[in-house]
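FYI, it's all coordinate maths here, none of it is from the lab. Since we're looking at a predicted model, the values are computed, not measured. FYI the Cβ positions are ideal-geometry reconstructions off the backbone, even for glycines, and counts take in every protein chain you see.
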Amino acid sequence: MIYPLKKRRFLPLFALLIFIILSGMLRFNSSLLNLLDAVGAIAIQTLANSKLGFLIVPAYLLKNFWMAWLLTIVWAAFLRALDFKVGFWWSLACSSILIIMCWAWSILTFFYWDEGPVLLQMMPALSNALWAFLLFQIQQVLIVRLPLAHWVKTTLAGIMIFFWLILAAASIVDYDVSVTTLIGSALFGYWFFRTSAGVYCRQAKHWQQFFGVDGKI
């Protein structure tokens, strides 16, 4: 289902390292990040109020966590329809683990007690990280297999990146999510996908034999 991910093996660890650094800077209220987030928020709000704001309108619905989770289930069902039964369970299980990890990291990093429990923010942003993981799956499982010219595949990948960016813009407008948090969500989603995809490539056949599941790997 997933082609071996041999290229740029250092990038997932680099993405995770940058994510951790950004989390620490957010936790300790970095003035540099505050400035960048403020500039980014102003730019996105200006875009949303301009004639180009219509580009973000569909994202107001799709950015919702439950919509991302619903489409994740639809994607997993699509994998099962293609006879990737192990991939079906892998996709759902990894998406669930990703949700738990997002909450766990946010609590570990941004939770404190001040006359009651306080969670400063979610980092990574749950729906944006889940969308990133879903889009990475679609790219690696579906787009790379299509019998199309390389430039067409590159264009489709660019469209998915643009789609994620308008989801991020909608999150800034509606939820006041910071630009730094969204960058962190993309980095975390990328690291998680590369890690979980690597585990799938190594263990899928073993899982198929252990659970007695037929179908393609």
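Using a 10 Å Cβ count of at most 16 others and DSSP loop calls, identify the longest part of the chain lacking such trypsin sites (Lys or Arg not before Pro). Answer from the scan: 10-215.
Here's the picture: charge each Lys and Arg Cβ at +1 and each Asp and Glu Cβ at -1 in the chain, and of GLN203, ALA125, MET101 the one pushed furthest to the positive end of that dipole is GLN203.
Using the Karplus relation 6.51 cos²θ - 1.76 cosθ + 1.60 with θ = phi - 60°, the per-residue 3J(HN,Hα) values for the stretch 39-56 come to 5, x, 5, 4, 5, 5, 4, 5, 4, 4, 8, 8, 5, 7, x, 5, 5, 8 Hz, with x marking Gly and Pro.
The dipole here belongs to the chain: it is taken about the Cα centre, uses +1 on the Cβ of Lys and Arg and -1 on the Cβ of Asp and Glu, and is about 1100 debye. A DSSP coil position with no more than 10 other Cβ atoms inside 10 Å describes none of the chymotrypsin sites (Phe, Trp or Tyr not before Pro) in the stretch 52-149. Taken along the Cα-to-beta-carbon direction at a fixed 7 Å, the label points for ALA41 and GLN209 span 5.5 nm.
Spin-label pair ILE21-ALA104: with each label point 7 Å from Cα along the Cα-Cβ axis, the two points sit 2.5 nm from one another. If R0 equals 22 Å, the separation of the Cβ atoms of LEU148 and CYS201 corresponds to a calculated FRET efficiency of about 0.40.
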